[in-house]
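Enquirer: Can you keep this structure in mind? I'll have questions shortly.
The values are calculated or read from the model by the stated rules, or taken from the named source; none is laboratory data. Keep in mind that this is a model prediction, so the values were computed, not measured. Positions of Cβ are generated from backbone atoms using ideal geometry, with glycine treated the same way; all protein chains shown enter the neighbour counts. With ligands, DNA and RNA removed, areas are computed over all heavy atoms of the protein, side chains included. Shrake-Rupley method; radii C 1.70, N 1.55, O 1.52, S 1.80 Å.
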Amino acid sequence: MKPLGFGLMRLPQKDNPTWNNVDMDESRRLIDRFLEKGFTYFDTAYVYQGGLNESLFGELVASRYERERFTVTTKMPVFAIKTAEDYPRIFAEQLERCKVSYFDYYLLHALNRNTYQKAMETGAFDFIARMKAEGKIRCIGFSYHDDAETLEKILSEHPEIELVQLQLNYLDWEDEKVQGRLCHEVCVRHGVKVAVMEPLKGGALIRIPEKAAERLQEAVFSRSIPDWGFRFAANLENVIVVLSGMSTFEQVEENTDVFDRMSPLTDGELAALRETADIIRESIAVPCTACSYCTDSCPSKINIPALFALYNNHHRFGMLPSYRDRFADIAKKGGKPSDCIECRLCESHCPQKIAVADELKKVKEIFEG
């Protein structure tokens, strides 16, 4: 299996994008090209795009290609489980949505210390092990958003786990909250496979400051900015696949080309990435990756990722006239920062562990006065 995975969370959308406004024709074109170039891995989940993403995979991939042509991963939303009876019901629904008889990889979605406890109480690990024994899953694992200590506990208590999906990129490698390096080391010690999510940190490692780009070009002038992030992740020990949420045909072409000519990074190149990470870190006000996990739980329907993106742009470039119009548009379609009631439900879902309510106050101060 070629080690680039197509993350279906960011499929191309038509004008005025909404969860159910995916551009199906363009999505088919991207997927066909991805498969044509010999890549096979697709990543989806029960909750992506308001629950539509698995069905999109079924229509765009499974209904159009022979089963041996693709590899599919989906995830059980442990955070939404109420009783053990929910597992077989949701699993059967996932098989139907994805139009498959088995999943190549099946993950418990977004485990952390709280959802792990819920998974234990409701029998999540027993369920996926049983599905594997029945031939409905080929490889079991979980995606993870917490510290290395909790990951060590989970893998020690569940040696049956074969794969962990981690957020790994050169910016978060030494981050105290994400603990990329420490979590990766836990996986290596336990001998489990690793799937990488957010190798470009939701695009933050593409739109990097000019000074950071210059530092990378000093090391290797001919290498593209995304190329650096992909190489860093793909060359880590035990990594079998690196996910990329591709939205354009150009991204599919560029990313598959990178993986077709993949080579290890030298010590000098790794040093350049460490220096680049320091430069980027200084420029980011809020480390949001626009995963949108926060928005579903927001009672005020605030478009938190859009507001943080605008705030980050203001932090980096100053207040441009267009930012006022953009803020008004975001607030009209969703909600204003001042609409936040500080329930902090969003914070429990944030993989980056952002203090969302506190950061929204800063956005309010800038854009609402």
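Enquirer: Search the structure for amide H atoms under 5 Å from the amide H of GLN165, placed 1.01 Å from N in the peptide plane, and list their residues when 5 or more places away or on another chain.
Expert: The list, which skips near neighbours in sequence, is PHE142, SER143, TYR144, ALA195.
Enquirer: Under a 1.4 Å probe, what is the accessible area of the chain per residue, stated in Å²?
Expert: Per-residue accessible area for the chain comes out at 45 Å².
Enquirer: A follow-up question, please. Round to a whole number: what % of the accessible area of the chain belongs to carbon and sulfur, probe 1.4 Å?
Expert: 49
Enquirer: SER156: net charge of surrounding residues, Cβ under 13 Å, Lys/Arg +1, Asp/Glu -1, itself excluded?
Expert: Net charge in that neighbourhood comes out at -2.
Enquirer: For ARG215, tell me the accessible area in Å² from a 1.4 Å probe, rounded to the nearest 10.
Expert: 50
Enquirer: Using θ = phi - 60° and the Karplus relation 6.51 cos²θ - 1.76 cosθ + 1.60, list the HN-Hα couplings for segment 303-312 in order, rounded to whole Hz, with x at every Gly or Pro.
Expert: Here the 3J(HN,Hα) series is 7, 4, x, 5, 5, 5, 4, 5, 5, 5 Hz.
Enquirer: Give me a comma-separated list of calculated 3J(HN,Hα) values for segment 23-31, in order, Karplus coefficients 6.51, -1.76, 1.60 applied at θ = phi - 60°, integers in Hz, x for any Gly or Pro.
Expert: Listing the rounded values in order: 7, 5, 4, 5, 4, 4, 4, 5, 5 Hz.
Enquirer: Also, I was wondering about something else. Order the peptides 195-206, 352-363 from the highest to the lowest mean number of other Cβ atoms within 10 Å of their residues.
Expert: 195-206, 352-363
Enquirer: Just to confirm my understanding: which cysteines in the chain have no other cysteine beta carbon less than 4.7 Å from their beta carbon?
Expert: Cysteines of the chain left without a disulfide-compatible partner: CYS98, CYS139, CYS183, CYS187, CYS288, CYS291, CYS298, CYS340, CYS343, CYS350.
Enquirer: Can you show me the helix-derived [θ] at 222 nm for the chain, built from DSSP H runs with n ≥ 4 at -39,500 (n - 2.57) apiece and divided by the number of residues, rounded to the nearest 500.
Expert: -13500 deg cm²/dmol
Enquirer: Among TYR106, TYR65, TYR87, which one shows the biggest mean-square fluctuation in a GNM of the chain, springs joining Cα atoms closer than 10 Å?
Expert: TYR65
Enquirer: Could you run the Karplus curve 6.51 cos²θ - 1.76 cosθ + 1.60 with θ = phi - 60° over segment 90-105 and give me ³J(HN,Hα) per residue in whole Hz, x for Gly and Pro?
Expert: For segment 90-105, the Karplus curve yields 5, 4, 4, 5, 5, 4, 5, 4, 7, 6, 10, 9, 7, 10, 5, 10 Hz.
Enquirer: Treat each spin label as a single point 7 Å out from the Cα along the C-beta direction, and report the GLU176 to GLU96 distance in nm.
Expert: 4.9
Enquirer: Here's something else I'd like to know. Roughly what % antiparallel, to the nearest 5, for the DSSP beta bridges in the chain?
Expert: Within the chain, antiparallel bridges account for around 5 percent of the total.
Enquirer: Using a 1.4 angstrom probe on the protein heavy atoms only, could you order MET120, MET1, MET246 from most to least accessible area?
Expert: MET1, MET120, MET246
Enquirer: Where does each of 337-344, 238-245 land if you order them by average Cβ count within 10 Å, highest first?
Expert: 238-245, 337-344
Enquirer: While we're on this one: Determine the gain in length on full extension of the stretch MET24-GLU36; use 0.36 nm per residue of separation and subtract their C-alpha separation, reporting nm with one decimal.
Expert: 2.5 nm
Enquirer: So who's got an amide H within less than 5 Å of the one on MET246, skipping anything under 5 residues away but keeping other chains? H placed 1.01 Å off N, in plane.
Expert: HN-HN under 5 Å from MET246: GLY7, ARG10.
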